[in-house]
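Notes follow once the structure below has been shown.
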Amino acid sequence: MDRLRLEALPSLPALVKRPAYDISSVEAGVVHLGVGAFHRGHQALWFDDALCAGEVGWGIIGASLRSPTMRDQLQPQDWLYSVTERGPGSAPARIVGSLREVIVATETPERLLAAMSDPAIRIVTLTITEKGYHRDPATGLLREEDADIRHDLDHPNTPRTALGFLVEALRRRLAAGAEPFTILSCDNLPANGRTLRGLVMRMAELRDPALAAHIGAHVAFPCSMVDRIVPATTDADREEVAGTLGVIDAAPVVTEPYSQWVIEDRFPAGRPRLERYGAQMVEDVAPFELMKLRLLNGSHSMMAYLGYLAGYQTIAETIADPAFRSFVATTMAEEIAPTLDIPGGVDLAGYQAQLLERFANPALRHRTWQIAMDGSQKLPQRLLDTIRDRIAAGRPYSRLALGVAAWIRYAGGTDEAGGSIDVRDPLAERFAALATAAQGRPDAMLDAFLSLTAVFKDDLGRDPAFRREVGTRLHQLYRNGAAATVRATVAKAGQ
């Protein structure tokens, strides 16, 4: 079977949507850091829509900060790939042409810096996950002693981190008299634009206070909220897509039909008319961000840990269990939603019902293990800040506490059958040492993990009521298992 590439486009099935523009003439106006499936199934589509509508200069130069895999998969395909939606309301498969190159930063850092320094680049977007920001999740500050951050400060022309590339590219543009680009984070960080601004400013200040002052005065960091479930692509996905297209796509994206992008409208260097293609351009993204971060991402994390421990491989399998569905629905309605300041016109109950249906989409195999990754970076904003709001309001949070306990049980590295869990987290080695010392004793595990101030800060780890609540739940998980604990929680609520 032939490979997807430019010359194969005319022979694709009629139902497959093709780029409605001359791909060979596309000029780049965007550099994207972190070219994974999510970016290619989300932001890249908006820029592809802009190109299809006749807006010029909005092609994307992608950058992989670590692995050459995406470059190696896409280069033989003339950088083309397909997006396939699965579930109710799915659109036909489409070929995306907005991505015009992928640079591997570890191989050619100067090439990426040159691309970012090009005055034609007006926006730099990022999907590098929480850990890619080298931010202490407890304080929100730059981890200045991180080895990669120290490397970038000592060797600014060969950076390793996204922050290092941003600061050096902005310095070069300033030296050349070029207008700075807008920096748009699309990651699940609280106030992601303002958070990223603080990290970039601190990185620049450590190099040159004058550069930091320039960035503070002239560089825009709009906040944004992105929402789409994009599971990791499997070999089965590739086979199915090949059957649909009639050609091999080594890097297809499979996703749900739903997609949302809410963006603060601050782009001094210009932007495409994203609102024409479904994006919401707003004054303040914070209410939308918090709603999604706590309801969707918080529920996702709880299902990931509890579902994995219960033996469920995917979110769809987890939510198909009536007890888990009831648990998640009640947690959202009773413990999470009351902490939110809802934007006018938003149907909060409808949003929660929609989330349950999205979670249940059997066509998406979104693995619990995948979502469970990097919990030390995700837990503070997804669950712990919600708990803090519940404590401040004098309201109960027992279900959220079960989510925290499930994370501790999971991070200990041993499943309910005594098997090993492949825990992927920046603190994984620390977790393993704590779990070894605790020897599977729930009280010792509780003490050990709540001592992690990088996750719990000083307040929650020392709060006697919080410790009792999480400790009770952790004992239940060790004694009864995740599935039985969830069912007992649901049954008790129904009494």
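Values in this text are rule-based calculations from the coordinates and carry no lab data. These numbers were taken from a predicted model, which means no experiment stands behind them. As a convention, Cβ positions derive from the backbone with ideal geometry for all residues, glycine included, and neighbour counts pool all protein chains shown.
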**Request:** Order by neighbour count: 127, 318, fewest other Cβ atoms within 10 Å first, most last.
**Result:** 127, 318
**Request:** May I ask which residue of 216, 442, 108 lies farthest towards the positive end of the charge dipole of the chain, with charges of +1 (Lys, Arg) and -1 (Asp, Glu) on Cβ and the Cα centre as origin?
**Result:** 442
**Complete:** Here the gain from full extension of residue 153 to residue 265, 0.36 nm per residue of separation minus their alpha-carbon distance, amounts to 37.2 nm
**Prompt:** When the convex hull of the Cα atoms of the range 346-452 is projected onto a plane and the area is averaged over all directions, what value comes out in nm²?
**Reply:** 8.8 nm²
**Complete:** Over the chain, the sum of -39500 (n - 2.57) across DSSP H runs of at least four, divided by residue number and rounded to 500 deg cm²/dmol, gives at 222 nm -13000 deg cm²/dmol
**Request:** Counting residues in the range 393-466 as N, plug N into 2.2 N^0.38 Å and put the Cα Rg over that result.
**Result:** 1.13
**Message:** Restricting to Cα atoms and excluding each atom paired with itself, what does the Kirkwood estimate give for the range 366-424 in Å?
**Reply:** 12.6 Å
**Prompt:** Considering only DSSP beta bridges whose two residues both sit in the chain, what percent are antiparallel, to the nearest 5?
**Reply:** 30 percent
**Fill in**
A correct Stokes-Einstein calculation for the range 446-492, using the alpha-carbon Kirkwood radius, 25 °C and 0.890 mPa s, returns a whole-number D in µm² s⁻¹ of 212 µm²/s
**Prompt:** In which sequence would 141, 290 go, from the one with the fewest C-beta neighbours within 10 Å to the one with the most?
**Reply:** 141, 290
**Complete:** For the chain, the charge dipole (Cβ of Lys, Arg +1; Cβ of Asp, Glu -1; about the Cα centre) points to a positive end, and the Cα of 338, 287, 233 closest to that extreme belongs to 338
**Complete:** Protection proxy (average C-beta count within 10 Å per residue), highest first, orders 217-230, 329-342, 31-44, 400-413 as 400-413, 31-44, 217-230, 329-342
**Message:** How tilted is helix 209-218 with respect to the longest principal axis of the chain? Cα atoms for both, answer in degrees (0 to 90, nearest 10).
**Reply:** 80 degrees
**Message:** Only bridges whose two residues both fall in the range 6-282 count here: according to DSSP, what percent of them are antiparallel, nearest 5?
**Reply:** 25 percent
**Fill in**
In whole angstrom, largest first, the equivalent ellipsoid semi-axes that the Cα gyration tensor gives for the range 54-136 are 25, 18, 15
**Request:** Arrange 355, 348 by Cβ neighbour counts within 10 Å, fewest through most, would you?
**Result:** 348, 355
**Message:** In whole Å, what are the extents of the range 286-493 along the principal axes defined by its C-alpha atoms, from largest to smallest?
**Reply:** 51, 38, 34
**Item:** Cα-based equivalent ellipsoid, the range 198-355: semi-axes from gyration tensor eigenvalues, Å
**Value:** 33, 25, 18
**Item:** Among (i) 4, 16, 24, 24, 20, 10, 2, 0; (ii) 4, 19, 27, 24, 16, 8, 2, 0; (iii) 4, 19, 28, 27, 17, 5, 0, the entry derived from the coordinates for P(r) over Cα pairs in 10 Å bins from 0, in percent
**Value:** (iii)
**Request:** Would you kindly calculate the translational diffusion coefficient of the range 131-274, applying Stokes-Einstein with the Kirkwood radius from alpha carbon pairs, for 4 °C and a viscosity of 1.567 mPa s, and quote it in µm² s⁻¹ without decimals?
**Result:** 74 µm²/s
**Request:** Just order 159-167, 276-284, 130-138, 262-270 by mean Cβ neighbour count inside 10 Å, highest at the front, would you?
**Result:** 159-167, 130-138, 262-270, 276-284
**Cα long-axis angle, helix 464-480 against the chain (0 to 90 degrees, to the nearest 10)** = 90 degrees
**Asked** In vacuo Debye scattering of the range 6-282, one point per C-alpha: log10 I(q)/I(0) at q = 0.15 Å⁻¹?
**Response** -1.12
**Request:** Return the lysines within reach of residue 492: Cα separation strictly under 30 angstrom, same-chain partners fewer than 8 residues apart disregarded; answer none if there are no such residues.
**Result:** 292, 378
**Prompt:** When the chain is fully extended, how far beyond the present Cα-Cα distance does residue 349 get from residue 444, taking 0.36 nm per residue of separation?
**Reply:** 30.2 nm
